[in-house]
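Undergrad: This is the structure I have questions about; it appears just below.
The values are calculated or read from the model by the stated rules, or taken from the named source; none is laboratory data. On a predicted model such as this, the values are computed, not experimentally measured, just so you know. Neighbour counts run over all protein chains shown; Cβ positions are idealised from the backbone, glycine included. Side chains included, ligands, DNA and RNA excluded: accessible areas come from the protein's heavy atoms. Shrake-Rupley method; radii C 1.70, N 1.55, O 1.52, S 1.80 Å.
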Amino acid sequence: MKENKPIDAQKQLLQKYLDGQCSPEESRQVLNWFYRIDPDLASESSVEVRSKSLENSKSKIMNQLDAVPEQWPEKKLFDWKRFSLAAAVLLMVSFAVTTYWKNNFQLDQVHLAAQIPDTTGVYKNDIMPGSSYAYLSYQGDKRAVSQKNQPYKFNNTPTGHNRYLVEVPNAGTYKLQLADGTSVWLNSSSTLDYPDEFGDQERRVKLTGEAYFEVSKDKKRPFRIEVAGSIIEVLGTSFNVNAYSTQVNTTLVEGKVKILKGNVERLLLPGEEAQIHNDEIKIEQTDVSKHIAWQRGEFYFDGNNLQEILSQIARWYDVEIMNGETLTLNSSYTGSLSRDSKLSEVLNLLAYATKKKFEIDGRKVYIK
């Protein structure tokens, strides 16, 4: 009998879900399958209503499974009456896995920022938040990884001559630990190029996008980040680097950072931000908590960063913002919202702060 390893893997994931042992990313993956099979369930809030809806959905699915009744022993039907909610989830998602696999869907791939039905009656649809996910390449081997705060380990002997490449797509984020113990959080639409082992003289990596670093102290080997033609040099410190645009912003949390651009060199102190544009380096005091909110899992509104918030939303929910230029930059609203929120919840807050109307249509957000 031919083994179906992807299906077996999904069954194990479903069992973890029912046992309450799934990570947030794994739970979100299961629910995404679930909503794809029965989108109406996303609009129900009470357990009683959900159970009734699940019972109706079970009947529909069982009709489709009549051709293979041996897969569903009678004992399972009695278990349904005792454990209606859990059994319904298992039955329906198992059916989703089997059906999607037969249609050549790659079910082991995480569905980031999945579209789901709107539960408010305001939008045409809603979108789930992103999650921990990246592509990791090493010596020609490239694979998807989604272990939260735990990098994938290739079977290799570190030499210092081979390099890793981590690519985080839209709606993704990823944390990894480098060979020297330095921790790096990568934001959506970012990449990090680094060696499997650092040399004796320095520790050098290449960054695009945004990342938060907690660099391990090593006086003999400075840590250097190549980003957009600039060099950021540290010995041991915590800081954020944002290089999504032509301007590179470096925000220091603790320690000291040296910024080098062409022949210009500046020293950055805690609570300061360095703005690097062309060959100029501008340093000013800043609200550090605003710049590292994404690393804490938050959207941070300060009334003056609406355009930046729109960019964050576009990357995190993998959507296109239409008419974003109509938002005024100044607002009296200040506050934060979890990045685990659905897109509708974030837009509701933006609507309150800006007095604008937002619409979700597929993967486009319209501002009116």
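Undergrad: Can you name the residue in the stretch 196-221 that is aromatic (F, W, Y) and at pLDDT 95 or above and, of all such residues, is nearest to S245 (Cα to Cα)?
TA: Restricting attention to the stretch 196-221, the residues satisfying the condition of being aromatic (F, W, Y) are 198, 212-213.
Within this subset, residues satisfying the condition of being at pLDDT 95 or above are 212-213.
Numbers: Y212: 17, F213: 19 Å.
Checking each candidate, the answer is Y212.
Undergrad: Before we move on, is R266 outside any strand (DSSP E or B) and among the charged types (D, E, K, R)? It would help to see each step written out before you state the result.
TA: Working: outside any strand (DSSP E or B): no; among the charged types (D, E, K, R): yes.
Judged against the criteria, R266 is not a match.
Undergrad: Moving on to the next point. Quick one: R224 ticks every box in (1) modelled with pLDDT of 95 or more; (2) surrounded by fewer than 15 Cβ atoms within 10 Å (Cβ to Cβ); (3) over 24 Å from the mean Cα position of the chain (by Cα) bar one, so which box is it?
TA: With respect to (1) modelled with pLDDT of 95 or more; (2) surrounded by fewer than 15 Cβ atoms within 10 Å (Cβ to Cβ); (3) over 24 Å from the mean Cα position of the chain (by Cα), R224 is out only on (2).
Undergrad: Suppose we keep only residues that are among the charged types (D, E, K, R) and in a loop (DSSP other than H, G, I, E, B) within the stretch 213-226. Which one would you say is nearest to L260 (Cα to Cα)? It would help to see each step written out before you state the result.
TA: Quick first cut of the stretch 213-226, residues among the charged types (D, E, K, R) only: 214, 217-221, 224, 226.
From the residues that got through so far, the ones that are in a loop (DSSP other than H, G, I, E, B) too are 217-221.
Details: K217: 20, D218: 20, K219: 19, K220: 19, R221: 17 Å.
Within the stretch 213-226, the match that is nearest to L260 (Cα to Cα) is R221.
Undergrad: Of the conditions (1) surrounded by 20 or more Cβ atoms within 10 Å (Cβ to Cβ); (2) of a type in the set (D, E, K, R); (3) within 19 Å of E272 (Cα to Cα), E233 satisfies every one except a single condition; which number is it?
TA: E233 satisfies every listed condition except (1).
Undergrad: Can E210 be described as in contact (Cβ under 8 Å) with a residue 60 or more places away in the chain, acidic (D, E) and not in a loop (DSSP other than H, G, I, E, B)? Spell out the reasoning first.
TA: On the way: in contact (Cβ under 8 Å) with a residue 60 or more places away in the chain: yes; acidic (D, E): yes; not in a loop (DSSP other than H, G, I, E, B): yes.
Yes: the conditions hold for E210.
Undergrad: Kindly evaluate V257 against the criterion of being open to solvent by less than 40 Å² (accessible area, probe 1.4 Å), touching a strand residue (DSSP E or B) at 6+ places or on another chain (Cβ under 6 Å), closer than 30 Å to V319 by Cα and of a type outside the set (G, A, S). Spell out the reasoning first.
TA: Working: open to solvent by less than 40 Å² (accessible area, probe 1.4 Å): yes; touching a strand residue (DSSP E or B) at 6+ places or on another chain (Cβ under 6 Å): yes; closer than 30 Å to V319 by Cα: no; of a type outside the set (G, A, S): yes.
Taking the combined requirement at face value, the residue does not satisfy it.
Undergrad: Let me ask something additional. Are there any pairs, at least 6 apart or on different chains, whose C-beta atoms fall under 6 Å, with the first in the stretch 294-310 and over 16 Å from N348 (Cα atoms) and the second of a type in the set (F, W, Y) and open to solvent by 20 Å² or more (accessible area, probe 1.4 Å), and if so, which?
TA: Going by the 6 Å Cβ cut-off, the qualifying pairs are Q295/W185.
Undergrad: For a quick check of your reading: which strands (runs of 3 or more DSSP E) sit entirely within the stretch 271-368 and have at least 1 residues that are buried (at least 16 other Cβ atoms within 10 Å of the Cβ), charged (D, E, K, R) and within 21 Å of the chain's Cα centre (by Cα)? Don't jump to the end; show me each part of the working.
TA: Values: elements: 272-277, 280-285, 298-301, 320-322, 335-338, 358-361, 364-367.
It comes to 298-301.
Undergrad: Suppose we filter the stretch 196-207 for residues that are surrounded by 18 or more Cβ atoms within 10 Å (Cβ to Cβ) and of a type outside the set (A, V, I, L, M); how many remain?
TA: The qualifying residues number 4.
One line per residue, one yes/no per condition, for (1) in contact with a Gly (Cβ under 8 Å, 6 or more places away or on another chain); (2) at pLDDT 90 or above; (3) of a type in the set (S, T, Y):
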{"residue": "T237", "(1), (2), (3)": "yes, yes, yes"}
{"residue": "N240", "(1), (2), (3)": "no, yes, no"}
{"residue": "G271", "(1), (2), (3)": "no, yes, no"}
{"residue": "H277", "(1), (2), (3)": "no, no, no"}
{"residue": "V288", "(1), (2), (3)": "yes, yes, no"}
{"residue": "E298", "(1), (2), (3)": "no, yes, no"}
{"residue": "N330", "(1), (2), (3)": "yes, no, no"}
{"residue": "Y333", "(1), (2), (3)": "yes, no, yes"}
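Undergrad: Let me ask something additional. So the check is Cβ under 7 Å with 6+ separation or different chains; which pairs have a first residue in the stretch 231-259 that's without any contact (Cβ under 8 Å) to a residue 12 or more places away in the chain and more than 17 Å from R203 (Cα to Cα) and a second one that's among the aromatic types (F, W, Y) and open to solvent by less than 50 Å² (accessible area, probe 1.4 Å)?
TA: Correct list of pairs: empty, since none qualify.
Undergrad: Shifting gears a bit: Can you pull out the residues in the stretch 158-188 that are crowded, with 21+ Cβ neighbours inside 10 Å and in contact with a Gly (Cβ under 8 Å, 6 or more places away or on another chain)?
TA: Of everything in the stretch 158-188, those that are crowded, with 21+ Cβ neighbours inside 10 Å and in contact with a Gly (Cβ under 8 Å, 6 or more places away or on another chain) turn out to be V168, A171, G172, T173, L186, N187, S188.
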